[in-house]
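To keep things clear, I will list the structure first and then write my remarks on it.
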Amino acid sequence: MNLLYSNDSQGAFPPSWYAATAHAREPAAQLRGDTKADVCIIGSGYTGLSAALHLAERGFDVALIEAHQAGFGASGRNGGQLGSGQRMEQDGLEKLVGEDGALRLWQLAEDAKDLVKGLISKHNIDCHLKPGIAHACLHDSEVRHEHAYVEHLQSRYGYADIKPLDTGELQALCPSPRYKGGSLDMGAAHLHPLNYALGLAAACEKAGVRFYENTHAHHIVEGKSLTIRCDTGRVEADHLILACNGYLGGLNRRVAGRVMPINNFIAATEPLGESAANVLTKDIAVADSKFVVNYFRLSHDGRLLFGGGESYGYKFPDIDSTVRKPMAEIFPHLQDVKFDYTWGGTLAITMKRLPYLARLAPNILSASGYSGHGVGTATHAGKLMADAIAGSAESFDIMSQIPSTPFPGGAAFRTPLLTLAMTWYAMRDRLGV
């Protein structure tokens, strides 16, 4: 069974609110026969699109292979949150890589946000980019930690775009009885993720990238000259970028041992009208403190887009009940609200929740495992790989030197072990530990 096809139809976006409001784009033709390129990229999510765009702008001949359509995977289905920092908090990074290393990773994360905002501006991408993400805490101890972390970002990193929120201030933004306080980061942002991906795809096409969509790459022959075998042809290339994230499959065992696909789910309610103010009073996004994070925002047509719940394996569960349960815990008054759209998608995590960037061979680079922090990180990773191929690998090397721990049991046994661990964390969430 292959995650590329387990829950989706060939070449068709899932029936999401994003797909229903996406800007039309005609998919590129399927690869037929053999072709050559300077660089072949497998996967056209944010990572692959960004890498392709930056390489093409430097004059490289780029062949971009996609099993479905540009933006088909997590890049076109996610919560649309452009967060600050890395997925691991800075105090954790300081312990992992030292204070100087953590400072470099903070700056790279700031570069990632700037890159996304700059690409949207440069290429006139209409994706409803708006500032503001609140972090909402469910317990008083979490509020104390969050306020201390805000002070740490302000004093140690000079980050002035974030402020603490007490209970009243948080509930003035998000009137949920569950939240006790948190923070508001106005340097972070939210957007329509599929329209952002499609805007990058249009920029790639203008820059001369050769797209091959509905083209499944299934085998790589390594060497000084690489051969990428697909169902309908082959690509010979000097360089290869793996930009597959949760849809890597069996293309590389080293990456598969460190990057674990998991499924996450979102529902879009019917338009809420005036009652939208009982969810959010400002046009910001929210992510909360649960281990399996609840994340949500209002759409530009007044719907609640609520993400919550995970599964591990190939088949999606019943998405309505999977999302409705955590949503009703946060907003009890919406327990029976109508869902107009529900959808799932496959992302990828690592053991430390930090991205896994690697040079797998002298001419093969890979980036994945964004752990729910991919809007900025994936876009930036694509650029870093393009820079490395063009001869400037300093920032790529910094990211690739982040310690990476394989999942216990490797690719074969990681799923049952992760399921066991996540069951434990879910119980901690319920108990408020």
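Being of a type in the set (A, V, I, L, M) and in a strand (DSSP E or B), is that true of even one residue in region 302-324? Yes, that holds for at least one residue.
Just one of the listed residues (L49, L4, L64) is over 19 Å from the mean Cα position of the chain (by Cα), touching a residue at least 40 places away in the same chain (Cβ under 8 Å) and not in a loop (DSSP other than H, G, I, E, B), and it is L64.
Residues considered: V209, V221, V255. Of these, the only one that is over 17 Å from A52 (Cα atoms) and open to solvent by less than 20 Å² (accessible area, probe 1.4 Å) is V255.
Count of region 139-161 residues, restricted to those that are surrounded by 19 or more Cβ atoms within 10 Å (Cβ to Cβ), in contact (Cβ under 8 Å) with a residue 40 or more places away in the chain and touching a Gly at 6+ places or on another chain (Cβ under 7 Å), is 1. Evaluation of A358 against the conditions (1) surrounded by 24 or more Cβ atoms within 10 Å (Cβ to Cβ); (2) hydrophobic (A, V, I, L, M, F, W, C); (3) touching a residue at least 60 places away in the same chain (Cβ under 8 Å) shows that the sole unmet condition is (1). Looking across region 37-85, just one residue is closer than 14 Å to V209 by Cα and among the basic types (K, R), and that is R58. Between E94, E110, the distinction of being outside any loop (DSSP other than H, G, I, E, B) and without any contact (Cβ under 8 Å) to a residue 12 or more places away in the chain belongs to E94 only.
Annotation: A207 fulfils all but one of (1) more than 18 Å from L115 (Cβ to Cβ); (2) touching an Asp or Glu at 6+ places or on another chain (Cβ under 6 Å); (3) in contact (Cβ under 8 Å) with a residue 60 or more places away in the chain; the unmet one is (1).
Among the numbered conditions (1) touching a strand residue (DSSP E or B) at 6+ places or on another chain (Cβ under 7 Å); (2) surrounded by fewer than 21 Cβ atoms within 10 Å (Cβ to Cβ), the only one that G249 does not meet is (1). With respect to (1) open to solvent by 10 Å² or more (accessible area, probe 1.4 Å); (2) touching a strand residue (DSSP E or B) at 6+ places or on another chain (Cβ under 6 Å), the lone exception for I41 is condition (1). Which residue out of G59, G101 is out of contact with any strand residue (DSSP E or B) (no Cβ under 8 Å at 6 or more places or on another chain), part of a loop (DSSP other than H, G, I, E, B) and farther than 29 Å from F13 by Cα? Step by step, each of G59, G101 is checked, and only G59 is out of contact with any strand residue (DSSP E or B) (no Cβ under 8 Å at 6 or more places or on another chain), part of a loop (DSSP other than H, G, I, E, B) and farther than 29 Å from F13 by Cα.
When region 258-305 is examined, which residues are found to be acidic (D, E), under 20 Å from G168 (Cα atoms) and open to solvent by 20 Å² or more (accessible area, probe 1.4 Å)?
D283
Residues that are closer than 22 Å to Q69 by Cα: find the helices (runs of 4 or more DSSP H) completely inside region 141-258 holding 1 or more of those. Qualifying helices (runs of 4 or more DSSP H): 193-207. Residue selection: V97 fails the criterion of being among the aliphatic types (A, V, I, L, M) and more than 25 Å from R353 (Cα to Cα). Selection of region 283-340 for residues being basic (K, R), modelled with pLDDT under 95 and over 18 Å from P15 (Cβ atoms) yields only K290.
The values are calculated or read from the model by the stated rules, or taken from the named source; none is laboratory data. Source: prediction; values computed, not measured. In this analysis, Cβ positions are derived from the backbone assuming ideal geometry, glycine residues included, and neighbour counts consider all displayed protein chains. Heads up: the accessible areas ignore ligands, DNA and RNA and are worked out on the full protein's heavy atoms, side chains in. Shrake-Rupley method; radii C 1.70, N 1.55, O 1.52, S 1.80 Å.
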